[in-house]
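S.K.: One structure, as structure tokens, below. Some questions next.
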Amino acid sequence: MAALPPTQRFASEESGRGKHVLARTVLYGTAVIFSLFAAIPFGWMVLTMFKTNNDLYNPRNNPFLYNDPPTLANIDLLWNDTSFRTFIFNTFLIAIVVMAITVIIVVPAAYSLVRLSGRWGSNLGILIFLVYLVPPTLLFIPMTGVIADLGLQNSKWSMALVYPTFTIPFCTWLMMGFMRSVPWEIEEQAMIDGYSRIGAIWRTVIPISIPGILTVVIFSFTLTLHEFVYSLAFVQSSGEKTVSVGVFTELIRGDVYFWQSLMAAAALVAIPVALLYNYFLDRFIAGFTLGAVKG
Amino acid sequence: MSAPALTTRNVGKRYFFDSERVLGPLMLFPAVIYIVALVGFPLILAVLYAFSDVTVGDPRITGTENFVGFENFRDVFNDRVFQKALRNTIVFTLVSQVFVIVLANVLALVLSADFHGKRLVRFLVLLPWTTPIALGVLGWFWMLDSVYSPIDYAMRQMGLLGPDSVFGPGRNMYWLGKTDLAQGAVVLVHIWRTLPLATVILLAGLTSIPQDVKDAANVDGAGFWRQLFYIRLPLLLPIMAVAVLFSLVFTFTDLSVSLVLTRGGPVNDTQVLSTWAYFRGIQGGNLAQGAAIALFMLPVLIAIAIGMLRLARRSENN
């Protein structure tokens, strides 16, 4: 560079800067286009949920604007005059049971696969992860038979029982990642100090694995909120429904849609779940990359 | 035997549960039982159902008189709606995944760069994956409404829709009411839904490309496109395979998009295997036929699982 005559240097720097500006413009432009594509349905939900009927159903109105002042009446309707609160309550109840079952089963399983089973254990770990890929749409029909045999048809407890079938495989895999990073020496020291193996696990491995357990809890929760197929197949009465199915089936009466309340329900559930999920996403991806990427 | 080393094995002798032989299987047992009882057993039941005459009213297989051989498969296969559903499942999956692979590579490149507002952009582009799918699809359902679609409004304002315009004299496009548009909408929503997952998996791969490889390429004067095609893409291939396999599974077996958006309509033109299994098996009450329909997904899933195992093995050996 220094060897170039001044004019040439100037010209080359100028074109370099031009190229840089162009590259940044393309970068920001692409980012904006992708963001819009991804977020537009949610933006549209939020815009709709505050509209009055007059505003929404007048075809001459510009749908992108509030032609009437925004109102909270639709959210009031959703909260007080629909089964939305029941759906939320059911979902949380199911989620708590699913979280508990998942943690109780996953933590020892992951420990066993990482520490006690050698090479055989990591192969079995991959097999358990593959169970996560057996889709609900393949199982939901025989599962309704199983649920009926257990006397759980049309009950929210059917979902509390069945949802761990997808949280356990995924969370075992996640937890195995955490367990691998626990230094073996701490546990050994505890055992030398006279604790039994279970005592040593309880005093050393579990406390160190708290972030992993927290991740498992969060994912059991979000996966419960995401689930749609089993919930649709198992439950018919509105008192037992979860949010994702209840909103879809109950807030649409025949051909009448309570659009604003419907959109309010979708947005009020979807966006908090997204925030929670987003916070733990990197760990989720670490699970999904099958160890092909060393983090 | 003088002064034995303080290994865990020696220390552990004092407690029965310290033996790895006992404790290992014992800790694994609940997980295995859960999976065998509620995934393995229903999977076998799915096959049994498909060869039986069970219905929602009578879901029990009590003896050989319940088995009907290949009758369900024959009935299912001779049904024109099933043929549509099978074709749609394959076409929707393939078309949407081609878009997902290309777009995910672009988006991962964008997100691997540094720029202002990156965290917000990341949050926004991930929304379709992080939110419950049925609720997200409801947003599209309302945006593609037959009367109040904002897209129709925008097109009318631009003179693309309405009397004497390119898209005809009607005031509305009826996005979900016409076969080609509805099919396009289903594919679009599938792209929208799986793009974030494929992107973040690719992104994990991109950030793992060693810095010295990038530095060496820069020193050698390789430009953006050269680096893209000779360094990034080849290094990314294994992780791209992981991304594709996952989004294949989620698209191929999905029920929510077709069900919420179109309920399989118009005239079953967006019906897929999973929705048709639902309509036949659960709504129609014919569990046996529903199971037979869903079972057509199994060969593809087995192929994908084998692909995953190979990838996992390869990454383990490296």
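S.K.: Relative contact order, percent, of region A:82-288 when contacts are C-alpha pairs under 8 Å separated by at least 6 residues?
M.R.: Values: 213 pairs, mean separation 70.4, N = 207.
Answer for region A:82-288 is 34 percent.
S.K.: Further question on the same structure: Checking the cross-link filter: which aspartates and glutamates have an alpha carbon closer than 20 Å to that of B:K178, excluding same-chain neighbours under 8 positions apart?
M.R.: A:D255, B:D145, B:D152, B:D269
S.K.: Please state the shape class of region B:71-317: rounded when a/c is under 1.5, otherwise prolate if a/b exceeds b/c and oblate if not, all from the C-alpha gyration tensor.
M.R.: Here region B:71-317 falls in the oblate category.
S.K.: Right, something else. Of A:G177, A:G199, A:G246, which has the largest mean-square fluctuation in a 10 Å C-alpha GNM of chain A?
M.R.: For chain A, modelled as a Gaussian network with Cα springs under 10 Å, the answer is A:G199.
S.K.: Still on this structure, please answer the following. Find how many whole Å separate the alpha carbon centroid of region B:152-220 from the alpha carbon centroid of region B:56-75.
M.R.: That distance is 44 Å.
S.K.: At what distance in nm do the modelled label points of B:Q211 and B:L233 sit from each other, each positioned 7 Å from its Cα along Cα→Cβ?
M.R.: Taking the two extended label points, one gets 2.8 nm.
S.K.: Additional query: Sketch the reach of a paramagnetic label on B:V98 as a point 7 Å from Cα along Cα-to-Cβ, and name the residues of region B:194-227 whose backbone nitrogen lies under 19 Å away.
M.R.: Counting backbone N atoms under 19 Å from the label point, the list is B:194-195.
S.K.: Okay, next question. Using the basic label-point model (7 angstrom from Cα toward the beta carbon), what is the B:Q283 to A:Y279 distance in nanometres?
M.R.: 3.9 nm
S.K.: So, one more: Work out which helices of chain A, taken as complete DSSP H runs, extend at least 20 Å along their axis over the Cα atoms and score a mean Kyte-Doolittle of -0.5 or more, then list them.
M.R.: Helices passing the filter in chain A: A:6-49, A:84-111, A:118-131, A:164-180, A:210-226, A:259-279.
S.K.: Let's test the formula: R0 of 30 Å, r as the Cβ-Cβ distance of B:Q83 and B:Y174. What FRET efficiency results, to the nearest 0.05?
M.R.: Once the sixth-power term is evaluated, E becomes 0.75.
S.K.: Length gain on complete extension for the stretch A:N54 to A:L214, per 0.36 nm per residue less the alpha carbon to alpha carbon distance?
M.R.: Contour length minus Cα-Cα distance gives 53.0 nm.
S.K.: In square nanometres, what is one fourth of the surface area of the convex hull spanned by the alpha carbons of region A:17-71?
M.R.: 5.3 nm²
S.K.: How long is the gain from B:I90 to B:F67 if the chain were fully straight, where each residue apart is worth 0.36 nm and the alpha carbon distance is subtracted?
M.R.: 5.3 nm
S.K.: By count of other Cβ within 10 Å, fewest leading, how are A:T222, B:T270 ordered?
M.R.: A:T222, B:T270
S.K.: Further, regarding this structure: I need A:V229, B:V257 ordered by Cβ neighbour count within 10 Å, fewest first.
M.R.: Exposure proxy ranking, most exposed first: A:V229, B:V257.
S.K.: Testing the spin-label approximation: label points 7 Å from Cα along Cα→Cβ at A:L65 and A:S237. State their distance in nm.
M.R.: 5.0 nm
S.K.: If you don't mind, there's one more thing I want to ask. D for the protein assembly as shown, whole µm²/s, Stokes-Einstein with Kirkwood Rh over alpha-carbon pairs at 4 °C and 1.567 mPa s: what number?
M.R.: 48 µm²/s
S.K.: What FRET efficiency, computed as 1/(1 + (r/R0)^6) with R0 = 56 Å and r the Cβ-Cβ distance, is obtained for B:R60 and A:W184, rounded to the nearest 0.05?
M.R.: On the way: r = 50 Å, r/R0 = 0.90.
Given R0 = 56 Å and the Cβ-Cβ separation, E is 0.65.
S.K.: Another question, if that's okay. Have a look at B:N78, B:T207, B:L138 and report the one farthest towards the positive end of the charge dipole of region B:71-317, computed about the Cα centre with Cβ charges (Lys/Arg +1, Asp/Glu -1).
M.R.: B:T207
S.K.: Right, here's the next one. With the cut-off at 24 Å, report for chain A the share of all Cα pairs above it, as a whole percent.
M.R.: Tail fraction, whole percent: 66.
S.K.: Among the helices of chain B (complete DSSP H runs), which have Cα atoms covering no less than 24 Å along the helix axis and a Kyte-Doolittle mean of at least 1.0?
M.R.: Helices meeting the span and hydropathy rule in chain B are B:80-112, B:179-207, B:233-252.
S.K.: Something else now. Say we join alpha carbon atoms closer than 10 Å with springs in a Gaussian network model of chain B; which of B:F99, B:F70, B:F29 then has the biggest fluctuation?
M.R.: Most flexible of the set in this elastic network: B:F29.
S.K.: Pick from A:V216, A:V98, A:V256 the residue whose mean-square fluctuation is largest in a GNM of chain A, springs joining Cα atoms under 10 Å.
M.R.: Residue with maximal mean-square fluctuation among A:V216, A:V98, A:V256: A:V256.
S.K.: Quick one: length gained pulling A:L127 to A:N80 fully straight, 0.36 nm per residue minus the C-alpha distance?
M.R.: 12.3 nm
S.K.: Rounded, prolate or oblate for region B:53-212? Axes are the square roots of the Cα gyration tensor eigenvalues, ordered a ≥ b ≥ c, and the cut-off for rounded is a/c under 1.5.
M.R.: oblate
S.K.: For B:S52, which sequence-distant residues (separation of 5 or more, or a different chain) have an amide H within less than 5 Å of its own amide H, given hydrogens modelled in the peptide plane?
M.R.: B:V68
Since every read-out is calculated from the coordinates, none of them should be taken as a lab result. Remember, predicted model here, so these are calculated numbers, not experimental data. Cβ coordinates were reconstructed from backbone atoms using ideal geometry, including for glycine residues, and neighbour counts include every protein chain displayed.
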